[in-house]
Amino acid sequence: MKQYLLLAGLVFAFAKAHSQGPPITADKPIMLGGGSFTTKTLTEIRNTERGTAIHIPLMLHYLPTANSLIAVHLPYINYDLQDASGSDLADVKIMGKYQFYRKDGTGRTFRMVAKTLQTLPTGPELDLMDLSTGKYAGYYGLVSGLETLKYGISTEIGYNWQPDGTLDEFRTKLGFGLPLLKPQYPNKQVNLYFEYTSAWLHERDWYQLLYSQGIQYARKNITFDLAVQLPLVQEIAPDRALNYSVFLGTRYTF
């Protein structure tokens with residue numbers, strides 16, 4: 001089952017969306033001008049059969065040039081699990097992106113970005129994928145996206161390598177963004193997002209296909225995000241099954 005779903009994810013690997021604003025649970029190939037900063041947070045409240053974890057990252061993104069980005073994510077985590085509870089610094093992440101392809105047309109643009117995300121083992125060893133594992137991991141992927149005045153389609157495909165653990169992961173994402181208001185200046189927009197995430201942890205023989213429904217309000221250089229993520233397919237240990245995740249975020253560019 002998971003092999004067919006993974007193949008489908010690879011076929012569609014160049015479509016995960018954003019419209020006027022950046023996506024919520026996914027990444028984006030669109031970059032702002034060189035020398036700009038963005039501060040953001042995207043709190044995740046993750047409820048599983050094992051318990052609940054609240055992950056609150058403080059992120060700072062900087063664009064040295066119009067086609068490159070470096071970022072640091074400093075996360076706090078509060079967790080109440082069957083086998084552990086407490087609050088701590090989670091795994092710190094350092095990200096780099098380079099836009100190597102761009103084609104603009106009338107009212108549309110297509111871009112491709114190479115991405116790496118280095119996870120430092122600063123958090124407790126909770127075995128919480130993408131939140132706090134206490135182990136080093138390196139993610140390497142490709143992000144692409146088509147954005148028009150009426151819709152956005154973008155994707156991500158990549159591999160997360162954890163040399164001292166068993167969370168090696170093939171990851172694909174597909175999403176669509178739909179702006180509800182006409183383009184205007186100063187920027188004012190309400191966007192809907194329909195986002196899918198496919199994760200295959202081959203060392204554990206786990207597979208998840210998740211769907212996220214989100215809404216975003218953008219006003220000038222600030223955005224507010226809300227999304228709910230639910231599982232569509234889960235072939236993992238029953239005590240690790242996801243019930244839902246709620247995402248609350250904001251970002252400010254200057």
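In the range 117-175, which residue that is charged (D, E, K, R) and under 22 Å from Ser212 (Cβ atoms) is most open to solvent (accessible area, probe 1.4 Å)? Let's see the steps before the verdict.
First, the residues of the range 117-175 that are charged (D, E, K, R): 125, 127, 130, 135, 147, 150, 156, 164, 168-169, 171, 173.
Applying the additional criterion that residues be under 22 Å from Ser212 (Cβ atoms) yields 130, 147, 150, 156, 169, 171, 173.
Values: Asp130: 67, Glu147: 34, Lys150: 157, Glu156: 4, Glu169: 4, Arg171: 25, Lys173: 34 Å².
The extreme case among them is Lys150.
Can you tell me how many residues within the range 92-126 are of a type outside the set (Gly, Ala, Ser) and farther than 21 Å from Leu60 by Cβ? Don't jump to the end; show me each part of the working.
Initially, the range 92-126 is screened for residues of a type outside the set (Gly, Ala, Ser), giving 92-95, 97-104, 106, 108-113, 115-122, 124-126.
Cutting the leftovers down to farther than 21 Å from Leu60 by Cβ gives us 100-104, 106, 108-112, 124-126.
Qualifying residue count for the region: 14.
Residues Thr48, Thr119, Thr43: which one is within 22 Å of Ala227 (Cα to Cα) and in contact with a Lys or Arg (Cβ under 7 Å, 6 or more places away or on another chain)? Walk me through how you get there before you give the answer.
On the way: Thr119 fails: within 22 Å of Ala227 (Cα to Cα); Thr43 fails: in contact with a Lys or Arg (Cβ under 7 Å, 6 or more places away or on another chain).
Exactly one residue qualifies, and that residue is Thr48.
Checking the stated criteria, Leu117 turns out not to satisfy the condition of being outside any strand (DSSP E or B), hydrophobic (A, V, I, L, M, F, W, C) and on the phi < 0 side of the Ramachandran plot.
Within the range 150-166, residues that are within 11 Å of Thr133 (Cβ to Cβ) reach partners that are assigned to a loop (DSSP other than H, G, I, E, B) and open to solvent by 20 Å² or more (accessible area, probe 1.4 Å) with beta carbons closer than 6 Å, at six or more positions or on different chains, in the pairs Gln162/Lys135; Asp164/Lys135; Gly165/Lys135; Thr166/Glu203; Thr166/Arg204.
Please verify whether Tyr98 is open to solvent by 40 Å² or more (accessible area, probe 1.4 Å), free of Cβ contacts under 8 Å to residues at least 24 places away in the same chain, in a strand (DSSP E or B) and not charged (D, E, K, R), treating the condition exactly as stated. Taking the combined requirement at face value, the residue does not satisfy it. Of the residues making up the range 219-254, just one is over 25 Å from Ala84 (Cα atoms), small (Gly, Ala, Ser) and in contact with a Lys or Arg (Cβ under 7 Å, 6 or more places away or on another chain), namely Gly249. Residues of the range 48-72 that are outside any loop (DSSP other than H, G, I, E, B) and open to solvent by less than 30 Å² (accessible area, probe 1.4 Å): Thr48, Gly51, Ala53, His55, Pro57, Met59, His61, Leu63, Ser68, Leu69, Ala71.
Taken over the range 189-210, residues that are more than 12 Å from Gln234 (Cα to Cα) and either among the aromatic types (Phe, Trp, Tyr) or out of contact with any strand residue (DSSP E or B) (no Cβ under 6 Å at 6 or more places or on another chain) (or both) amount to 6.
Looking only at residues in the range 204-254 that are among the β-branched types (Val, Ile, Thr) and closer than 14 Å to Leu192 by Cα, the one that is least open to solvent (accessible area, probe 1.4 Å) is Thr223. Only a single item in (1) assigned to a strand (DSSP E or B); (2) under 21 Å from Asn221 (Cα atoms); (3) not aromatic (Phe, Trp, Tyr) is not met by Leu181, and it is number (1).
The values are calculated or read from the model by the stated rules, or taken from the named source; none is laboratory data. Since we're looking at a predicted model, the values are computed, not measured. Using ideal geometry, Cβ is built from the backbone for each residue, glycine included, and neighbour counts are taken over all protein chains shown. Surface areas here come from the heavy atoms of the whole protein model, side chains and all, with no ligands, DNA or RNA. Shrake-Rupley method; radii C 1.70, N 1.55, O 1.52, S 1.80 Å.
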